[in-house]
Each structure stands twice: as structure tokens, then as C-alpha cells.
Amino acid sequence: MTVPLRSDPPDEGNNRVDQAVRLYEQQFQRQGDIDLKRYWADRTRREPLDDELALDCLSGLIKSDLRRRFERGETPAVASYLDAFPQLHQADSRMLSLIYEEYCLREEHGDVVDVDSFCNRYPDWKDSLASQLQYHHLLSKAAGLPAPKPRFPEAGEHFEEFALGAQIGKGGYSRVFVANDLSLGGKRVVLKVSVDRGQEAETQGALDHPHIVPVNAVVFQPDNGLRGLSMPLRPGLPLDDVIRRIREGGRQPRSARDLWDALAQGIDRDLFEVSKDDLAGPSGDGWRGFPVLGSYAQGVAWIGLILASALDYAHGRHTYHRDVKPGNVLLTLQHGPQLLDFNLAQSPHSPQEAAATLGGTLPYMAPEQIEAFLVPELWGDVGALADVYSLGLVLHELLTGQPPELPNAALPPGRAMRDLLDRRATLSTDVRRHNARVPYALEAIVKKCLRLDPKDRYASGKMLAEDLEDFLQRRPLRHAENPSRTEQWFDWAARNRRVLIANAFYLGVLGLLSPLLVQLLAQQASRWFQPALKQRPEFQQAVDAVDRRDYHRAVELLLKLVEEYPRAPLPRVYLGIAFSHANRLPEDPALVSYGHAMALPDAEAELKSWAHEHPPFIEHLRWFGTNSLEKTRELVNVTRPPDGEPAPADGQSMEKTIHHIFELVDHALRNALEADPTSKETIQGLATVAEYKKDYETAHRRLTELLALSQKQNSDVLPAELSTWRLQRSRVATLRAKDLIVLDCDRDRRQALDLADEAVSDLDLCARSVADFQRQYYFGFRAETLLARGEIRCRLGMEQPAQSDSREAKLALEKWLGLARSSGNPVSASVEEAYRVRLRNLRRLATVENRVVNDPSSQLEPPKLTE
Ligand SMILES: Nc1ncnc2c1ncn2[C@@H]1O[C@H](COP(=O)(O)OP(=O)(O)OP(=O)(O)O)[C@@H](O)[C@H]1O
């Protein structure tokens, strides 16, 4: 017996019923009341209808009449229409639907109805009605009305031989714990304790598939009506959490890796005893084939493929899941996606069984499954195709970020079900409207899963899996139609690139094209039809090799890729990074490779977008930048020797090289900074590059930024680090101040003074925490800074303060000298020269200021020269 439901695909009959109801309602509104018997007689006289359609129209009008009258405060009963329309006695299913409508209206209007006495009013339909109303009440419970619950055990207690640890899941009728199986020496497992009904243990236990969580054992507590299902512990995160995290990330996910990252960030590391290495990337067996460097759509398609295959396996054993939703898919670290919770896997033969899993799953139900809740006899029809539909909704949600529609909470449960069912008929399946990055082929697959009529969907999980596999391999779909010709053409071209390239030559051989055109065509063809770099397994292997620090292997792979993809910046940058670690060639190929990469068009944009897609790249880039900086410093020391030491003969050309290198390092570091603006090492690297480039203003700004940042994150900055940065800032500030004093303009001099003040106070601040090896440098530099400030003050006519600077400078210089002498090292020519320069400055200061220092040189001993 089937209640005709309005969700049936619109056909002529339905349109006519709707039309009849609309006309009736308009007239009812105009007249305020209508005698339905007379109205119906008139109508059928004017427009005779065949029997079936007449019954459909009549029951539509009665429902409408009932609603209007209830709205006016009357409480009509369907029984009263039976006298006027005796033909209803033949309309079993329609009558059931009418009586149910009356029941809902009574309930909505606060008329407390006793189910038994209500059923007794309709003896001919009593049994079906009782069953329907039982479901109605189950739905009410699912909608949040209190239901009797057993007492579940809690963390810390025992359930048979299991010691229960943290609770990790909670359903309407179950609790899931991490537990120790004491009968197996305390082995860590997952124990799902649930009300002992349904056949979850038997069904799930009989399944043996790499993507379905297996069942180890079942234990019972008959007194409590509970049972425990022991399963292996598979650390992971449910897909609904993964989706939520991606959604909260605020940006549209772009790469398949985003799925893994959401899992890695969300997993409870302490609970599952997971190490940082476990989270580095999807390397476990269960992730084999995951397109880690592919697009987000490909990542989703792969998850869909795995789930469709797992469902197909279960369907082959006559097990239908019936509760496929993101919350029942666990993304695990080692085993990939895992299907969980086969609680509803067998048809619930009684309303109680159905109740066990009703709550929360309505939004993911196939239309025929919702219908089965209204008409229990239809449960037998809810099978493989309902699972295909639900999986379609999961894929739709993953691709669009839009959760499926919820039942309308304002309606009474039965009505809410019907309403949801109606909305299934008009469900928008246009994935690309929400996310234009999804290829047409994948959208076509999702659409086919979500067809209203089960006959129009994929006939099996296997067929769905085949289409998803075809999509991932860029092959034509076998069971759905890709509406985009362009996409099909590109897929074809990608698969047939060799043939195309060869054909370009054949056309040339036949003399149809000029040789130049042939060459151009061949070149273009090889570019157009080359598989996208990121899809190449070699590229993926190279990226993996760099991520796991196997640089020699990376260099090997990347050299080939650079040759094959001469216009792609990424392999060159990666090659630079790998070279710079592998350090195996005499030249500096690291920077050469980076330089070539950056000379390519769009290189910068590509780098930025890649850093976004693959975050470990930023760290490599930063390392590469700072490491190259270290190497280049040596070159700088040779090229720019301290005062007094001879400059190399080829100093000028070396300067040029240095400048070029610094440009590249600066570039690499700026890219790294854009991706991670709080990396202190990157900021310091950039300050150092700026200092070497003698851009003291930028260097000073970067260091100020760095110190402000470390003040915010006080806890993770070491005092030694802080004093190194302060020392560097005071050096840069002094150098800048020196540049400014010579400009001979008051404003610049004031600015110079501010900088010198800041430099001295930075030196004061780090005086205590300067490391031993830095002390001599510290005092030498302090003398220099104070001399510079003294000079600025002199020029600004600040005699007294200049005098005190001069005195302090002298003290610092003595300290410096003392440390140089006591270091045990012979005092080198460069130290001696530095001393002389400072001494000269001190004298000059005295000359400029005249009264400030009385011949300071007489009080300072020159250091002893090396014997
Ligand atoms: N074998 C397992 N390893 C790790 N975590 C698991 C495992 N099984 C279940 N979980 C966790 O427990 C959560 C709940 O599991 P499950 O869906 O089976 O129970 P439930 O939601 O209580 O079920 P029901 O919907 O039947 O009431 C899962 O989302 C997952 O986070």
C-alpha cells in the first residue's frame, strides 16, 4: 500500500491535481466557505475525469478542505467525508494518507490524540495506520523529544573485559571509547557500546575490506540491554570534522593536500599517540593512489572512489549501509578512508530498530529512504542505490562546502519528512555553481548519483567507482556524460600527446606545412600536451624527496624535469633548494638554478601559488635563502676586507656577483616571508641582505619588525637571540646615522641622533646577555656607536652630551683593547687597524668639539703588534 507522494516526478496527472487544488483554494478564499460535495459534483460535470485521476483530485481537495477548516478552528474528521464520497472506500492508500493528514492537523492544533482510539475510528485502515503513527512518533523522538535511554558506561569504568578510556564518539544509542582489551594483555582497541539491537556486529563483522573498519569481537551485557563491539584502533578524523575544518579555513580548498592537512591539524595527537612524523604526508597503505599533488577535486574524487568500492563490496554481500554520511567515514592516518557504522545495514524490521539510527541522518537520505519512513513497507526497496545517492550528497558537500538541506524544524516531524522529500525533487545538483574549479566530468558524476529516480542513478557502486577512476585518469566516463566538449578534448589530447606530436611531423613530411611551422607546432604540441607538471609522478617523487630531505635523489629527478619542462619555474627552484643542501658541485648551481627559474615568465606567481598549495615549500625556500646568504657572506668577507686589508684584484666583478646573488636571496626570502609573515629567521635574513646591500633603512625596518614580533612572542625567543638582533639593529642604525650626518641638513641630523640614541639603548639592553665570544666585538662596536653619536651631538651643538659620549667611547675602547690583549690570540693587523680608526675618530671628535676631550690619544695605548 503506497501513499501517493507529491515528490513523484511531475507528470500531467500531478499537474492537474495541483491545478484543481489551487482553483479550489482560490474559491474557498473568495467565498469564505464552500460545500465540497456540491463543488465536486459541479466540477466533474464540467470536466469528467478518469477514475484514478478523479480520486487523486478528490483527495487533494479533501486535504485542502481539512486544512482550511482546521485553520478556522473547526475539527473535521476524514470519516465525515466518507458519507459524502463513498468512492473513497475503494481508495486505500489515499484514505491512509488523508487520515494521517487529519492526525497531523489535530496534533498541530493542540488536539491531544490517543493513538489507539484514533485508530479505532478507522477500523478498515487500523493496522496500517497504527504502523504509520508508530513511525510518526519515532520521528518525533528523533526530532528531539525525550526518549528512554539505557545507562551507558563511562570512561574509567569496565565493560566486560574492556577497561574504558576516553570517549571518542557518541550516537543516539551508543558510546564509542578507546579501550584496553584486558583479555589480550591490555591491547588498545576501540569499543563501541550500544543498545543491543540491529545487526551491526554480524554485518560489519562479516565484511573484510581494506576500507571498512573490521570487528574484532562482540561482548554482551544482557541485563543492561547493551553490547560492545571491539574494533582495531585506527587513528584519524571523521570526514564531517575534516569538512568543517576546511570550511572554517575560510578559503576555497585548492589542492588534494588540503584534505590531508585538515586531517593532520584536527587529529587528537595525544589521544591517539601520534607523532609529528606520522602527520608529514599521506604515506600509509590506505592512501595508495591518493593524488597528493593533484587538485582538491581530484582528492575528493579519490575518496569517492574508495568509498564507492567499499560500498560495492558490501552490496555484493547483500549488505546495504543506509547511513552513508561524512560522520560515518573516518579518514585515518594509515588506512586511508574507512567506512564505519553498519548499524542500519540490515533493513530495520521494526520501528524500534529504525529508531536506533534515525536522528541526524535525514539530510543524507535518498528520497526512497525518506519515503520508507513514511511507508514502512517500502524499507525493502532501500538498498544499494540509496547508498549511491547518499555518497553523491557527501561528494556534493565536499566539493561545494555546502551542507545538505536539513528538515524544517518548524514543522511537525511527519510533515517535515514530506517537506524534505518535496525538496529532494528540486535539489540543485550544480556543483560548479558553487565551485567553478570542479571539472564538468566530476559534476556529471555527482549529478548522476543524485538523480531522484533510483533507476536513473549509477546501477551499482562499481559503476560509480569506474567513472571516478576514469575521471582521475582523464578517460571518457563510461556511465555518465561529460557535457563539456572542450574538457573532453583536452583530456583526449593529454592522453594522446605523443600521437599529436608525431602527427605534426608527418604533416611536415608530406609537405603540407612549412618546416618552421612544423617545428613550432611540434614545440607547441609538446607543451600543450605534456601532462601537467604537477601530475607527473616524477615531480611528486622529487617533491617527496625534498620533503623527506633526500636531496641527492631529488637532484637526480629534478635535473630531468628541468630539461623536460624548461619553462616551469618550480623544478628549477626545487633544484636550487636540493643543490644547496646536497652541496655536491664545485660551482654554486643552487643559485644558478634559482636564477634561471626566476627569469621565466610568471615564475613569481607560480611560486606564490605553489607555496599556498604545498606549505612545506616555504620552509625549504627560507632555508635556501638563509643558507645561500651564509655562503655569500664568505664571499663578501673576501671582497670587502676590513679596513687595512688589501681588496682582491677582481673586487669589482665580485661585487657584481655578490649583488646578483643578494638579489636572488632577497627574492627567495621575500617569497618565503609572504607565505609565512611571522618567520623570524626569514625576517632576519632579509635584514642581513639589506645590510649587505647597504640599504640600511630597510635593514633597520626589518630588525625593528623582528624585535616587535619577538616581544609579542616573548616565550620562544632566547635572550642570546634577542641580543644578536639588538646588536645588529644598533649596527645598522649607526651606519644609517653616519650616512645621514653627512647630509648636513638639520632634519636628517635629528633623525641621525634618534637612530644613534636607539643604537646606544639597544647596546645597553643587550650588555648583560652578550655571549662571551661576542664581548670584544660588543665593546669595539659600542665605542664606534658612541663616537658616532658624539659627532652628531657636536654637530647639533650639544656640547655636554657629546663630551659624555666621548668619555664613554674611550672606556669602551679600553675595554675592547683589554679583551683583544687577553684573548690569547695574537692581535692581527686588522684589529690594530680598527683600533687606529677608532682612535682617529676620537681625536677628530676632540678637534671638532675642541673642549670635549683633552688629547684622548695620549691616554690610549696602541695594542702590541704580533711578534
Ligand atoms: N576503529 C576506530 N578507530 C578510531 N576511531 C573510531 C573507530 N570507530 C569509531 N571511531 C570514532 O568514533 C566515532 C563514532 O563512531 P560510530 O559512527 O561508529 O558511532 P556512533 O556515531 O556512536 O554510531 P551510531 O550512529 O550507530 O549511533 C567516529 O566518528 C570516529 O571518530
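The values are calculated or read from the model by the stated rules, or taken from the named source; none is laboratory data. Everything numeric here is computed off the predicted structure, so don't read it as measured data. Reconstructed Cβ throughout: ideal geometry from the backbone, glycine too, with neighbour counts over all protein chains shown. What goes into the accessible areas is simple: the full protein's heavy atoms, side chains included, and nothing from ligands, DNA or RNA. Shrake-Rupley method; radii C 1.70, N 1.55, O 1.52, S 1.80 Å.
Count of segment 169-180 residues, restricted to those that are at pLDDT 90 or above and within 13 Å of the ligand (Cβ to nearest atom), is 5. The set of residues in segment 155-183 being loosely packed, with under 14 Cβ neighbours inside 10 Å and more than 33 Å from the chain's Cα centre (by Cα) consists of G156, E157, H158, L182, S183. Scanning segment 384-396 turns up no residue that is touching a Pro at 6+ places or on another chain (Cβ under 6 Å) and closer than 30 Å to Y103 by Cα. Across segment 768-792, which residue is modelled with the highest pLDDT among those that are within 24 Å of D754 (Cβ to Cβ) and acidic (D, E)? Among those that are within 24 Å of D754 (Cβ to Cβ) and acidic (D, E), it is E784. Per the listing I267, I246, the residue uniquely touching a strand residue (DSSP E or B) at 6+ places or on another chain (Cβ under 9 Å), in contact (Cβ under 8 Å) with a residue 40 or more places away in the chain and buried (at least 17 other Cβ atoms within 10 Å of the Cβ) is I267.
On the given criteria, is R288 open to solvent by 60 Å² or more (accessible area, probe 1.4 Å), more than 13 Å from the chain's Cα centre (by Cα) and within 29 Å of Q473 (Cβ to Cβ)? So R288 fits the description; yes.
Does V300 satisfy the condition of being part of a helix (DSSP H, G or I) and more than 14 Å from the ligand (Cβ to nearest atom)? In short, yes.
Residues in segment 233-272 that are acidic (D, E), farther than 24 Å from L472 by Cβ and more than 12 Å from the ligand (Cβ to nearest atom): E248, D270. The conditions of being at pLDDT below 85 and small (G, A, S) are not met by G60. Here is the figure for segment 218-232: residues that are open to solvent by 40 Å² or more (accessible area, probe 1.4 Å) and within 16 Å of the ligand (Cβ to nearest atom) total 1.
With respect to (1) open to solvent by less than 70 Å² (accessible area, probe 1.4 Å); (2) part of a helix (DSSP H, G or I), the lone exception for E52 is condition (1).
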